[in-house]
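Structure, as C-alpha cells:
Only the coordinates and a few stated rules stand behind these numbers; no lab work does. For clarity, every value in this text was computed on a predicted model and none was experimentally measured. Ideal geometry is used to build each Cβ from the backbone, glycine not excepted, and the neighbour counts take in all protein chains shown.
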Amino acid sequence: MTFIWAFLIAGTFCAIGQIILDNTKLTPGHITSLFTVIGSILAFFGIYEKLINLGGGGASSIISNFGYLLYIGALEGYEKLGILGIFSGMLTKASVAIIGSIVFASIVALIFKPKD
Amino acid sequence: MNKDDYQKLVKKYEPKENKLENTIYAFLIGGLVGFIAEGLNVLLMNFFNLSRILASAWTCLIIILTASLFTAFGFFDNWMSKAKAGLLIPTTGFAHSVSSSALDYKKEGLITGLGSNFFKLAGSVILYGILSAFILVIVRVIIGV
C-alpha cells in the first residue's frame, strides 16, 4: 500500500509543480525554492510527517522533504539546547542532501567533460 | 506589416505546449521516482536491517548520485526537458542543478568558475529553505506548542 501512496504523493507534488510552471512566469528555480518552503510549512502543521508515514519514499524523495528536514532538525535542536539549538541543529538532518550533492557533483566535474 | 499583425503571426507559429499532457507526464514520471525511492527504501530496510529514517537517507544519497552521474553522461538534460516538473520536484532536480553548473563552469577556473557558480541554482533552495524553517521554528517557539 505504501507503494501506491508513494506514487500518488510524489506524482501529485510534481503535477502541481508542472501546473504552476505552465501557467505562471515562474522559472524552475522559483519552483524548487517554492516547494522547499512549502515542505517546511507542511512540516510546521504536522502534515509532512503524515505524508512520510503514508508514502515513505514518495514523500522523502521530493525537494519538499529538504524543507521538512530543516524544520525538524531545528526543532529537535531547540528541544535539546534552546535558542542555540535552532542554529546548531538546523542542518543536522538535511546535511545528507547538501553534502551528497557537493561531493558527487565535485567528483563528476573532475572526471567528466561537459556535453554541449 | 504593422505591430498587431506581427503579434498575431508570432502567436500562430509559437510552439503550442499541451498543458494537460505536460501535467500527466509530470505526474507519471514524478510518481515513478517516488515509487522507485520507496522500492529502494524497502530493499535497504530488509537487506541491511536499517530503520526507515536511515534507509530514506541512503535512498536520498543514491538518488543524488544517480542524478549526478546521468547529468555527467549528458542524457539527463534531455530527460529534464521532457519530464519537466516530474524530475524537477524530486531531489533529482536539486542534484542536477548542482552537478550541471559544476560541469559547465569548470572551464572558467576552480575558484572563479566552479567555486563561485556551484550553488548558483541550488543556493536559493538552501537559502529560502533555511530562512522559512528558521521563521517557522521561531513562531512555534513563541506560540509554545
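Side notes on the structure shown:
- Our summary gives the range B:10-145 a relative contact order of 21 percent, counting only alpha carbon pairs under 8 angstrom and 6 or more residues apart.
- Amide H contacts of residue A:62 (H built 1.01 Å from N, under 5 Å, at least 5 apart or other chain): B:91
- Residues of type aspartates and glutamates that residue A:50 reaches as a straight line, Cα spacing below 20 Å, ignoring anything fewer than 8 places off in the same chain: A:76, B:38
- Cβ-to-Cβ counts within 10 Å put A:44, A:66, B:48 in ascending order as B:48, A:44, A:66, the fewest first.
- Membrane-span-like helices of chain B, defined as complete DSSP H segments with a Cα extent of 24 Å or more along the helix axis and a mean Kyte hydropathy of at least 0.5, are identified as B:19-47, B:52-73, B:122-143.
- Over 23 Å apart at the Cα level, from the set A:25/B:84; A:113/B:19; A:25/B:11; A:25/B:120; A:93/A:113, are A:113/B:19; A:93/A:113.
- Projecting label points 7 angstrom from Cα along Cα→Cβ for residue B:52 and residue B:116 puts them 4.6 nm apart.
- Residue with peak Gaussian network fluctuation, chain B [Cα springs, cutoff 10 Å], from B:129, B:31, B:74: B:129
- Short-range pairs are left out: with C-alpha atoms under 8 Å and at least six residues apart, the relative contact order of chain A is 22 percent.
- Binning the C-alpha pair distances of the range B:28-120 at 10 Å intervals from 0 yields a P(r) profile of 17, 39, 29, 13, 2 %, listed from the shortest bin outward.
- Average other protein chain Cβ within 10 Å of Cβ, residues B:107-117: 1
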